[in-house]
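Colleague: A single structure is presented below for examination.
The values are calculated or read from the model by the stated rules, or taken from the named source; none is laboratory data. Note that the structure is a prediction, hence the values are computed from the model and not measured. Note that each Cβ is placed from the backbone with ideal geometry, even for glycine, and that neighbours are counted across all protein chains shown.
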Amino acid sequence: MQEEPSSTRTIVEHKIRGRTKPYFQELEYEPRIIPVTAAFTTPFDNESIQRTCRWLCSPVYYKPLFFSDEPNKIYYALVVEDFKLIHNCLSEGYLDITFRCDDYYVYSPVYHYEYDFSNNTGDIRINFENLGDIAIYPEMWIQKIDDGDLEDDISIINYNDTAREFKFLTNKTNQIGLVDGENLYINNENPHIETDLIDTYRYDCFNGNYFRLLPGKNTLSIKGKFKIKFRWQFKFIM
């Protein structure tokens, strides 16, 4: 038996004396709470109860939680509060458990996709469909092909996001940008950039527009010679 309430959001506003209408500031989103009733399908004993408690309480960080009727909806959750064992004194019964998620949203499974633009000499257009309800910020692994010059930058423009451009400079002459064979990792959601070059940082040659995909169709313009791998999860309200 499963109860699945929707997540809550709170209005943050500012009230001023003498004014009946408060000023709206923002919406504050609360992580999802999921109460679950889990029944034992066979008679239980002290060992099985202890094993169940150990399994539920051992994680010290959020773990994926999903249910058999909707395996593509993933919650990242921890057990909170005290769970209750309700039984009939005949080793038959069930547990009342409360899970707290790490986010307001529900996640899809993890998806991967790779593109090879090693021979790109112009502007390649691709379409990327965000099936979720909000914008997502994929993780990216990029391998630069050729040193190039300022006309050979790594550039991804999303025309469905006001032509927002994700861009790295590649300058062979001044060595201020990416070089042939260099590998980058970009975490767009938690802004972070890593390179496999020793004692090198790539924030100075990045334009600061971390890559995102809006809900629905995203038409992307690709410039530069590189290989790229995306990893992402869609996010849903329900």
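Colleague: When the residues of region 104-119 are filtered to those that are assigned to a strand (DSSP E or B) and under 18 Å from R32 (Cβ atoms), which remaining residue is farthest from the chain's Cα centre (by Cα)?
Modeller: Across region 104-119, the extreme among qualifying residues is V106.
Colleague: Since K73 meets every condition but one in (1) surrounded by 10 or more Cβ atoms within 10 Å (Cβ to Cβ); (2) within 21 Å of W232 (Cα to Cα); (3) out of contact with any strand residue (DSSP E or B) (no Cβ under 9 Å at 6 or more places or on another chain), which condition does it not meet?
Modeller: In the conditions (1) surrounded by 10 or more Cβ atoms within 10 Å (Cβ to Cβ); (2) within 21 Å of W232 (Cα to Cα); (3) out of contact with any strand residue (DSSP E or B) (no Cβ under 9 Å at 6 or more places or on another chain), K73 misses (3) alone.
Colleague: Something else: Among residues belonging to region 221-238 that are part of a loop (DSSP other than H, G, I, E, B) and either more than 18 Å from I156 (Cα to Cα) or basic (K, R) (or both), point out the one that is nearest to the chain's Cα centre (by Cα).
Modeller: Q233
Colleague: Moving to a separate point now. Where residues in region 7-45 are more than 23 Å from V79 (Cβ to Cβ) and of a type in the set (K, R), which of them is surrounded by the fewest Cβ atoms within 10 Å (Cβ to Cβ)?
Modeller: Among those residues, the one meeting the criterion is R17.
Colleague: Scan region 87-97 and give yes if some residue there is within 28 Å of K235 (Cβ to Cβ) and surrounded by 13 or more Cβ atoms within 10 Å (Cβ to Cβ), otherwise no.
Modeller: Yes: region 87-97 contains one or more residues that are within 28 Å of K235 (Cβ to Cβ) and surrounded by 13 or more Cβ atoms within 10 Å (Cβ to Cβ).
Colleague: Here is a further query. Give the residues of region 195-220 that are assigned to a strand (DSSP E or B) and either surrounded by 14 or more Cβ atoms within 10 Å (Cβ to Cβ) or in contact with a Pro (Cβ under 7 Å, 6 or more places away or on another chain) (or both), sorted by residue number.
Modeller: Within region 195-220, T195, F206, L213, N218, L220 meet the criteria.
Per-residue answers, yes or no, for (1) assigned to a strand (DSSP E or B); (2) at pLDDT below 90; (3) over 27 Å from Y105 (Cβ atoms):
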position: T10; (1), (2), (3): yes, yes, no
position: G18; (1), (2), (3): no, yes, yes
position: I34; (1), (2), (3): yes, yes, no
position: T42; (1), (2), (3): no, yes, yes
position: S48; (1), (2), (3): no, yes, yes
position: L65; (1), (2), (3): yes, no, no
position: V80; (1), (2), (3): yes, yes, no
position: C89; (1), (2), (3): no, yes, yes
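Colleague: On to the next question. Have a look at I126, I134, I142 and point out the one that is over 29 Å from C57 (Cα atoms), outside any strand (DSSP E or B) and of a type in the set (V, I, T).
Modeller: Among I126, I134, I142, only I134 is over 29 Å from C57 (Cα atoms), outside any strand (DSSP E or B) and of a type in the set (V, I, T).
Colleague: Is it the case that D153 is surrounded by 12 or more Cβ atoms within 10 Å (Cβ to Cβ), in contact (Cβ under 8 Å) with a residue 12 or more places away in the chain, closer than 17 Å to N218 by Cα and not polar (S, T, N, Q)?
Modeller: So D153 does not fit the description; no.
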